[in-house]
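Novice: First the structure, which I've put down as structure tokens, then a few questions once you've had a look.
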Amino acid sequence: MTDATSSSPASKPSTSLMTIDARTKKRNAAEKRFRSYGVAAIVVAMLALVGLMTSIISSGAPSFKQTFITLDVYMDPARLDKDGSGDRDKIAKVSTFGYAPLIEAAIQKAVDGNNITLAEGLSVKKAADLVSKEGPAEMRRTVLADTSVIGETLTFQFLASGRIDGYYKGRVTMETAELDGNISPEQLMLADDFKKAGIVETKFNWGFLTRADASENRPEAAGLGVAILGSLYMMIVVLCLTLPIGVAASIYLEEFAPKNWITDLVEVNISNLAAVPSIVFGILGLAIFINFAGLPQSAPIVGGLVLTLMTLPTIIIATRASLKAVPPSIRDAALGVGASKMQAVFHHVLPLAAPGILTGTIIGLAQALGETAPLLLIGMVAFVREYPGAPPEGFFDPAAALPVQVYNWTQRADPAFVERASGAIIVLLVFLLVMNAVAIILRRRFERRW
């Protein structure tokens, strides 16, 4: 017998692992391109964010400063208490028009006391227009609060009119004043003389954060006080409802509910509700809480209920994710030493999931704080001048909200309201940043590692 010989295939030449072949070069080049795409995307996003924040801050920062005019006003009894009776009811009949001549007299006194010469054609009445229309109303409130001030000389820091304030913020110039029917170059020159004399000054405006909204003719008097309080009341309602309901629903679905088609249907609907446009919840709130239940429009209780419906799916999803993140060994160990199912969940699983639950709740509240569309549908777009009362009555009083206040101001013609809208956005962003920072702190503070 002869051994059959077979030819073996030619073996490929061996190469070193340190040698980069064509395929490796191609793969490395693709990875470098992908990394460069990621870096470019981050750079573009950061530039867009910086541009947005720069625009908002540059437009809104001036709203935190306001021009004031300090005047010594003689509360003339001949105009405020003509019969000298001191009867508050009779004094209350004097309207703000009755206080305007007192401001004119104070302007004349300031002009004479500082040796200022009024420009030709500028009357004392026109000079008094440097003071905001809010000035007479402020004087009237002071007198009605304490009628004993009649006959005395009081020092008031009046808000300057919107055009005067805009002059010192760069919105108004001598050239534009010649074409503006609400201000004249002569009034601007008088404001400059008052500024040299220390009567006019621009300083931080606390009223922007504490005052209520104002009419279109008084942009300098508009503030965020009612909107901040209304948003606070709504967040209280949302927190008191979403936290217990959302956590309870999540615990039941994740730990106790049987796994069948009913729970699957519930889970799918919760996920779908989290993606529903917010304006749909506004329509639902209008139909149920206002038209059916008869709750008042523009009330924080209605806004809180609508935002609760909108926020619940987000909190349920976040809470369930936190419960799932707890290792099954925690449950098994608790059950192995004789704990019941409820004891294992509430004594062991829930404390470990608490950081994630709190984080999800705060992020849900931050999302609700910035919502506008559902609040527009339930009437919180209305002009609200008076502050809501203290809880619980305040939850049913008319109020505004921060995002709705921004929307209101952007619809008004005066440029001063656009400035204030940007300032309100800054305040809203600060609240959102604080809430997200609290969420991060809570997670790091209570997070447990295993």
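Novice: Return the residues of the range 208-231 that are surrounded by 19 or more Cβ atoms within 10 Å (Cβ to Cβ) and in a helix (DSSP H, G or I); say none if nothing qualifies.
Specialist: PHE208, PRO219, GLU220, ALA221, VAL226, ALA227, ILE228, LEU229, GLY230, SER231
Novice: Right, here's the next one. Can you list the helices (runs of 4 or more DSSP H) found entirely within the range 255-331 that contain at least 3 residues being among the small types (Gly, Ala, Ser)? If you could, list the steps in order and put the result at the bottom.
Specialist: Working: elements: 261-274, 278-285, 300-325.
Correct list: 278-285, 300-325.
Novice: Oh, and also: Could you check the range 81-124 and list, in sequence order, the residues that are charged (D, E, K, R), part of a helix (DSSP H, G or I) and within 39 Å of the chain's Cα centre (by Cα)? Let's see the steps before the verdict.
Specialist: Our first condition is that a residue be charged (D, E, K, R); within the range 81-124, this holds for 81-83, 87-90, 93, 104, 109, 112, 120.
Then drop every residue that is not part of a helix (DSSP H, G or I), which leaves 88-90, 104, 109, 112.
Once the filter is applied, which keeps residues that are charged (D, E, K, R), part of a helix (DSSP H, G or I) and within 39 Å of the chain's Cα centre (by Cα), the range 81-124 yields only GLU104.
Novice: Considering only residues that are in contact with a helix residue (DSSP H, G or I) (Cβ under 8 Å, 6 or more places away or on another chain) and assigned to a strand (DSSP E or B), look in the range 141-189 and name the one that is surrounded by the fewest Cβ atoms within 10 Å (Cβ to Cβ).
Specialist: Out of the qualifying residues, it is LEU154.
Novice: Of the residues that make up the range 294-317, is at least one more than 23 Å from the chain's Cα centre (by Cα), under 30 Å from ALA353 (Cα atoms) and surrounded by fewer than 23 Cβ atoms within 10 Å (Cβ to Cβ)?
Specialist: yes
Novice: Next up: Going by the structure shown, is THR314 under 17 Å from TYR252 (Cα atoms) and of a type outside the set (A, V, I, L, M)?
Specialist: Against the criterion (under 17 Å from TYR252 (Cα atoms) and of a type outside the set (A, V, I, L, M)), THR314 qualifies.
Novice: Kindly check whether there is at least one residue in the range 190-206 that is in the same structural domain as ALA119 (by TED's automatic domain parsing), under 21 Å from THR117 (Cα atoms), assigned to a loop (DSSP other than H, G, I, E, B) and in contact with a Lys or Arg (Cβ under 7 Å, 6 or more places away or on another chain).
Specialist: No, that holds for no residue.
Novice: Please state which one of SER271, SER329 is over 32 Å from the mean Cα position of the chain (by Cα) and modelled with pLDDT under 90.
Specialist: SER329
The values are calculated or read from the model by the stated rules, or taken from the named source; none is laboratory data. These numbers were taken from a predicted model, which means no experiment stands behind them. So basically every Cβ, Gly included, is an ideal-geometry build from the backbone, and we count neighbours across all protein chains shown.
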